[in-house]
Amino acid sequence: MSLLDVSGLSIRFGNTEVVSDVSFSLQRGERFGIIGESGSGKTLTTLAIAGLLPDDAVVGGTITLDGEPLPRAERAMARLRGERIGMVFQEPMTALNPLMRVNDQIEEAIRLNIAHGAPQTKVGNLLEEVGLERRHGERFPHQLSGGQRQRVMTAMALASRPDLLIADEPTSALDLITQRKVLDLIADICARRQMTLLFISHDLKAVAALCTRVAVMHDGRLVETGDAMSVFSAPKQPYTQRLVAASRFDFPPLEHAPLGGNLLEVDGIVRDYRQSGGLFQRHKPLRAVDAARFAIASGECLALVGPSGCGKTTLAKIIVGLDRATAGEVRLEGRTYHGSDLPKDLRRDISLVFQDPFGSFNPRLNVADSLGEPLRLEPGLTAETVRQRLVESVEAVGLDAGMLERYPHEFSGGQRQRLAIARALVTRPKLVVLDEPVSALDMSVRGEVLALLARLQADFGLTYLIISHDLDMVHAMADRVLVMEAGRIVEEGKPDQLFARPQHRLTRDLVAARLPQVA
Amino acid sequence: MNRLWSHPSLVIGLIATLVFVAIGLLSLVWTPYPIEQIDIPRRFLAPSAEHWLGTDNLGRDMASLVMSGAWTSFLVAAIAVAIGVGVGVPLGLAAAAWGGPVEWVVLRLTDFVFAFPAVIVAILITTLVGPGAVNAIVAIGIFNIPVFARVARGGALSIATLDFVAAGRLAGLGNAMIAWRHLLPNIMSLLIVQGTIQMSLGILAEAGLSYIGLGTQPPATSLGLMLRDAQGMFLIHPWLTLVPGLAIVLIVIALNIAGDGLRDAIDPRLRQGNPNVLA
């Protein structure tokens, strides 16, 4: 008999049906993955299984666990969750109580289950099982790294020895190396405890690495279900085919102009942050960027990769003039600056595309106002030229000039990122800094945005500095790669060579952590 | 607009507030009797067709006094809120946009003003220039400044970390333009809600100041002043205290309901039925 059986599940909010007619079943010990983009209803489906939907959701269909339908009463459902279902959430920082030590949080999970007669476990054993040391138990969540927090979440989920572990995008907030470690940990624990896994992700490669059977969700419906191998190697539905194609990033490389002389030179940039200590103790300043030195040739696409917190975003902020270097200097076409003292007439030559397309537009300004903002850097433009430039850049990113009058909330994530690129292009810059340009986007639009960036580079002779931790994207886009660790640039090379024969320890770790391509 | 009407408390609060404002406005052009008209023989009358709410110890018509008093209360509170917004919001925005020493100065300034209750400020002003409605306005207005400065700064700080503010800085906008274009429009809802709360607090404060004799002076009247006049006769003629007291309570409740409703209607986090927050 199957452990979990979902049949004809539908979830409605008011008049909108967000999940409709979803059916699948999980065998004991199986590792099942649900793939879907944001808004596809995959998270709501798992919340329905755990009985955690908001009160105004109307649920249809049946969900049975071991042949028993889920209890309606909240108290019985809470007991069932505690005994049989473990959950690991996406954002480990908000899922842990910041005021409780790790030991106490895990202890609480254990204690609640002792009351229900579950077999007893020790905090220490759980910590060891998820690969943490006992001293980590004494810490507060903010003293742990993202990966460690996710391990603590897993330990809490394991406290009741659940039959079913639900992991909802457990690695999307983590960087590449930690992601791989957490995925390996989950696979390991499931194998050891013969636990059933329901894994939710938008990342095909993570699902492929972890799951034996997968379902693809789109617009609240299950599009395709089957063996992981067969779905990924021979997708039947057009939507799945698009997803699989998009995850490979294979778009034909465009010819771009031969590299010119050095456009930007970064010379020994250092950025220290003061750390606030107590009244009488002085902390050593935190060095975010440590003597970074490199140059970008005009027309080049240079990528800066590294784990989160290695200082790559700080360096980008100094280059675009949002932050100021403690020491060292940057030269743009021979003119020297140190960060925020970037001369006004040079500002139009550098622009930045932000990571999060939802935070990068003022919700109260229409698109034309937001896009036109950088044109203040070119005084003396007539209203007509401004309009013309706006239309030009919006059309360059493949959108319609009629969209200029609309407001940001009317656009999808992919469209907003196109608009963000349009805003970066409106001053006709020479250097565009792209800070994780696609990591906040859905898989299926990532490829489109990258292809757009490649085409724009060829059309306008742009120079790119890409900040990312996504090696596959970097491999597809970059001419040259810099690897950064703890503020220092530790390795440099062409992507093909660098990823085939990594020299530095960090680069080797990064390459090793790369998930295999699907099918 | 449909969104506003889907919040019943907002509708009730707004309508009640508007009714009081309309009554107050009406008192400017018409009251059943002139409020200065003292008519001792007709004092302490019970409510009747002639005097809807009866008459007070000087034979003045209570209905006329309440109408006029409500207007004074609204006017004092509204101007005080305007003073608070006009001075406090720019200070708060400046603190958030410039940071550093500017922020320090603004925060210490607000701490300093917070340390003096409105009553102390009013006593100070009265000692300097004598009592009157204008003094109440200034005293309550000064008290409103740090409130709005804090609210504006708090709201602006959370907006200032968003990428579109950084995009504005990249586009060469100065701190003042950042505050005007990007910060202010995004904290408007906070300010509107705080405004209604300060309105109701202002009405209470005006009543309090008039009650201790530092606010409105006769022959003009306010709800607080009516309370003061009636308190000596509370045991003999409780009606004279109940009428202005209930009027204050009703106005403040109406404003608070309207403020709560506005917050629910404006704050997107409290908006119902939005499945996108989960998916």
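The values are calculated or read from the model by the stated rules, or taken from the named source; none is laboratory data. Keep in mind that this is a model prediction, so the values were computed, not measured. Cβ atoms come from the backbone with ideal geometry, glycine included; neighbour counts cover every protein chain shown.
Of the residues making up segment A:53-78, those that are farther than 27 Å from residue A:443 by Cα, within 14 Å of another protein chain (Cβ to nearest Cβ) and part of a loop (DSSP other than H, G, I, E, B) are A:54, A:55, A:56.
Table: residues versus (1) more than 26 Å from residue B:59 (Cβ to Cβ); (2) of a type outside the set (S, T, N, Q); (3) surrounded by fewer than 24 Cβ atoms within 10 Å (Cβ to Cβ); (4) free of Cβ contacts under 8 Å to residues at least 60 places away in the same chain.
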{"site": "B:218", "(1), (2), (3), (4)": "no, yes, yes, yes"}
{"site": "B:233", "(1), (2), (3), (4)": "no, yes, yes, no"}
{"site": "B:241", "(1), (2), (3), (4)": "no, no, yes, yes"}
{"site": "B:254", "(1), (2), (3), (4)": "yes, yes, yes, no"}
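What are the residues in segment A:35-51 that are in contact with a helix residue (DSSP H, G or I) (Cβ under 8 Å, 6 or more places away or on another chain), part of a helix (DSSP H, G or I) and farther than 22 Å from residue A:412 by Cα, if any? Within segment A:35-51, A:50 is the sole residue that qualifies.
Return yes when residue A:6 is within 14 Å of chain B (Cβ to nearest Cβ) and part of a strand (DSSP E or B) and no when it is not.
no
Within segment A:35-52, the set of residues being away from chain B (no Cβ under 13 Å) and farther than 30 Å from residue A:438 by Cα comprises A:49, A:51. At least 1 residues being closer than 30 Å to residue A:360 by Cβ and within 25 Å of the chain's Cα centre (by Cα) is the threshold, and among the helices (runs of 4 or more DSSP H) wholly inside segment B:94-167 those reaching it are B:100-114, B:133-160.
Here residue A:428 fulfils each of the conditions (1) surrounded by fewer than 18 Cβ atoms within 10 Å (Cβ to Cβ); (2) of a type in the set (D, E, K, R); (3) on the phi < 0 side of the Ramachandran plot apart from (3). Of everything in segment A:367-394 that is buried (at least 18 other Cβ atoms within 10 Å of the Cβ) and among the polar types (S, T, N, Q), the residue that is nearest to the chain's Cα centre (by Cα) is A:370. Looking only at residues of segment A:291-307 that are crowded, with 19+ Cβ neighbours inside 10 Å and not in a strand (DSSP E or B), we find that the one that is nearest to the chain's Cα centre (by Cα) is A:307. Of the residues that make up segment A:20-34, is at least one touching an Asp or Glu at 6+ places or on another chain (Cβ under 8 Å), part of a strand (DSSP E or B), away from chain B (no Cβ under 14 Å) and of a type in the set (S, T, N, Q)? Looking through segment A:20-34, at least one residue is touching an Asp or Glu at 6+ places or on another chain (Cβ under 8 Å), part of a strand (DSSP E or B), away from chain B (no Cβ under 14 Å) and of a type in the set (S, T, N, Q). Residue A:120 meets each of the listed conditions (1) part of a helix (DSSP H, G or I); (2) modelled with pLDDT under 85 apart from (1). The single condition among (1) in a helix (DSSP H, G or I); (2) at pLDDT 85 or above that residue A:167 does not satisfy is (1). Within segment A:314-363, if we keep just the residues that are of a type in the set (Val, Ile, Thr) and surrounded by fewer than 22 Cβ atoms within 10 Å (Cβ to Cβ), the residue that is nearest to the other protein chains (Cβ to nearest Cβ) turns out to be A:314. Residue A:378: within 28 Å of residue A:295 (Cα to Cα) and not basic (Lys, Arg), yes or no? Criteria met by residue A:378.
Restricting the search to segment B:174-192, which residues are in contact with a Lys or Arg (Cβ under 7 Å, 6 or more places away or on another chain) and either more than 28 Å from residue B:264 (Cβ to Cβ) or surrounded by fewer than 16 Cβ atoms within 10 Å (Cβ to Cβ) (or both)?
Within segment B:174-192, B:178, B:185 qualify.
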